[in-house]
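As structure tokens, the structure follows; a few thoughts come after it.
The values are calculated or read from the model by the stated rules, or taken from the named source; none is laboratory data. Model, not experiment: these values are computed from the prediction. Every residue, glycine as well, gets a Cβ built from its backbone with ideal geometry; the counts of neighbours run over all protein chains shown.
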Amino acid sequence: MSVHPSKDIVGTKGKELKDKRIVLCITGSVAAVQCSEIARTLMRHGAEVFAVMSPMAHKIVHPYLMEWVTGNAVVTELTGKIEHVALVGEHPKKADLVLVAPATANTISKIACGIDDTTVTSVVSTAFGSNTPIIIVPAMHESMYDHPILTENINKLKALGVEFVGPRVEEGKAKISETKEIADGIIRKLAVKQDFSGLRVLVTAGPTVEHIDPIRVITNRSSGKMGISIVEEALNRGAEVTLVYGLGRATPPSETRVISVETTEQMRGAVVSELKSKKYDVMIAVAAAADWTTEKPYSYKVSTHKLHSLDLKLKPTKKIIDHVKKVSPKTFLVAFRAEYKLSKKKLIESAYKRLLEANADLIIVNDVGKKGVGFGTKTNEIFIVDKKKKAIHVPLAPKREVARKILDVVNEKIKPK
């Protein structure tokens with residue numbers, strides 16, 4: 001039989017989960033409507049996905065949808081084919097991971113108590129017996145999530161090695177995590193080498209602003225996407241990450257420690273404070289910190305009805321990366337530099353000069369005058385320049401892929417030869 005047409009997306013976004021078999025267990029939460037997106041995302045990263053649905057899940061999402069989504073038959077009951085054992089029993093072809101998403105309070109507590117009365121709970125029980133990794137993604141009302149017995153059961157499962165992703169507590173609900181966060185958790189579990197395990201990484205990201213008056217600011221077009229991509233990649237590789245974040249539009253992963261700032265001076269102060277208070281192995285200064293600030297910002301809103309023009313006197317802000325090695329000489333410093341419409345030679349020369357000035361270990365430079373590069377885009381093209389002026393070119397690629405290349409180089413530099 002030919003390959004199911006729905007599988008033509010497998011591996012289109014990455015190969016991180018190539019040859020990995022994932023069992024997606026769906027329970028009777030309204031968040032089950034997100035399961036098709038979860039399955040397709042995992043497939044786009046190379047996974048083979050098999051859906052298992054509890055009886056209540058059928059009332060929200062039809063099994064035909066999940067069969068179309070995955071290209072595989074959906075388990076809706078246990079028959080003489082002993083589907084739960086076929087999927088995750090102790091045999092060479094067992095699945096690599098069981099994902100329960102969404103997981104209701106009812107199902108979580110049943111799993112914790114070893115109750116097997118649905119297809120989902122039987123699959124999870126079998127996974128325990130075969131030492132198959134289990135990830136649970138809760139989804140329910142906040143009042144149910146706060147039940148002390150449920151808290152006890154979640155802690156019991158964590159002690160048994162079960163991992164949890166989320167939930168997002170908002171609007172009185174413990175909502176299912178975003179699909180990307182779920183996929184990242186699985187990739188981190190199954191695919192990514194933990195070469196940053198035990199390392200503490202400090203990242204700056206996003207734009208800063210400098211006030212003209214209490215309402216108006218000077219800033220730039222940075223979205224924070226490149227910095228967040230680096231944070232995500234560092235987390236996936238096992239690092240402990242602190243993010244000093246300006247007013248970026250990209251959302252940091254929930255497991256990140258975030259220090260929010262607005263101005264360049266606030267960002268500089270936060271960086272210096274962090275470097276003084278604890279040991280950071282690596283700092284990656286991705287932020288597009290404002291280079292200019294007003295000499296004397298107005299304390300009131302400047303009215304355009306009274307003025308026909310406004311003259312501002314600007315002064316340079318203090319460069320954050322110039323303080324890093326002075327405060328923490330042993331921290332491996334990765335600087336970023338944006339240029340505009342320069343030749344390759346001038347781009348590298350400019351970056352290398354800045355590297356020397358800041359005593360950085362690496363510098364990442366890009367030309368934001370090129371289409372698809374830099375501020376506000378989903379892609380980037382960079383050169384990674386080291387102290388020997390060796391430049392590694394990373395062609396135009398999604399920012400997450402660029403982040404992966406950067407951390408590959410950092411890892412090579414910081415590990416003992």
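Quick look at the numbers
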read-out: Single residue of segment 302-351 satisfying the filter (among the hydroxyl-bearing types (Ser, Thr, Tyr) and part of a loop (DSSP other than H, G, I, E, B)) that is nearest to residue 276 (Cα to Cα); value: 328
read-out: Residue selected from segment 192-250 under the condition touching a Leu at 6+ places or on another chain (Cβ under 7 Å) and of a type in the set (Gly, Ala, Ser), by the criterion surrounded by the fewest Cβ atoms within 10 Å (Cβ to Cβ); value: 239
read-out: Any hit, segment 315-327, residues being touching a residue at least 24 places away in the same chain (Cβ under 8 Å) and more than 30 Å from residue 232 (Cβ to Cβ); value: yes
read-out: Sole exception among (1) in a loop (DSSP other than H, G, I, E, B); (2) modelled with pLDDT of 90 or more; (3) on the phi < 0 side of the Ramachandran plot for residue 198, by number; value: (3)
read-out: Selection from segment 177-194 of residues that are aliphatic (A, V, I, L, M), assigned to a helix (DSSP H, G or I) and either at pLDDT below 90 or more than 30 Å from residue 411 (Cβ to Cβ) (or both); value: 187, 190
read-out: Residue check, residue 358 touching a Leu at 6+ places or on another chain (Cβ under 8 Å) and either at pLDDT 95 or above or among the aromatic types (Phe, Trp, Tyr) (or both); value: yes
read-out: Residue list for segment 2-37, restricted to those being within 20 Å of residue 88 (Cα to Cα) and either in contact with a Ser or Thr (Cβ under 9 Å, 6 or more places away or on another chain) or of a type in the set (Gly, Ala, Ser) (or both); value: 23, 24, 25, 26, 27
read-out: Looking only at segment 10-44, and only at residues there that are under 22 Å from the mean Cα position of the chain (by Cα) and β-branched (Val, Ile, Thr), the one that is nearest to residue 398 (Cα to Cα); value: 12
read-out: Residues located in segment 317-334, provided they are closer than 14 Å to residue 291 by Cβ and crowded, with 22+ Cβ neighbours inside 10 Å; value: 320, 321
read-out: Scan of segment 163-174 for residues that are touching a residue at least 40 places away in the same chain (Cβ under 8 Å) and surrounded by fewer than 21 Cβ atoms within 10 Å (Cβ to Cβ), ordered by number; value: 168
read-out: In segment 355-385, the residues that are outside any loop (DSSP other than H, G, I, E, B), under 29 Å from the mean Cα position of the chain (by Cα) and within 17 Å of residue 322 (Cα to Cα); value: 355, 358, 362, 363, 364, 365
read-out: Enumeration of residues in segment 152-176 that are hydrophobic (A, V, I, L, M, F, W, C), more than 18 Å from the chain's Cα centre (by Cα) and part of a loop (DSSP other than H, G, I, E, B); value: 160, 162
read-out: First in segment 1-29 and closer than 17 Å to residue 65 by Cβ, second anywhere and surrounded by 14 or more Cβ atoms within 10 Å (Cβ to Cβ) and among the charged types (D, E, K, R), Cβ under 7 Å, 6 or more apart; value: 9/40; 9/44
read-out: Residue in segment 135-142 that is crowded, with 19+ Cβ neighbours inside 10 Å, assigned to a loop (DSSP other than H, G, I, E, B) and assigned by TED's automatic domain parsing to the domain that holds residue 297 present; value: no
read-out: Any chance residue 259 is buried (at least 21 other Cβ atoms within 10 Å of the Cβ), not basic (Lys, Arg) and not assigned by TED's automatic domain parsing to the domain that holds residue 167; value: no
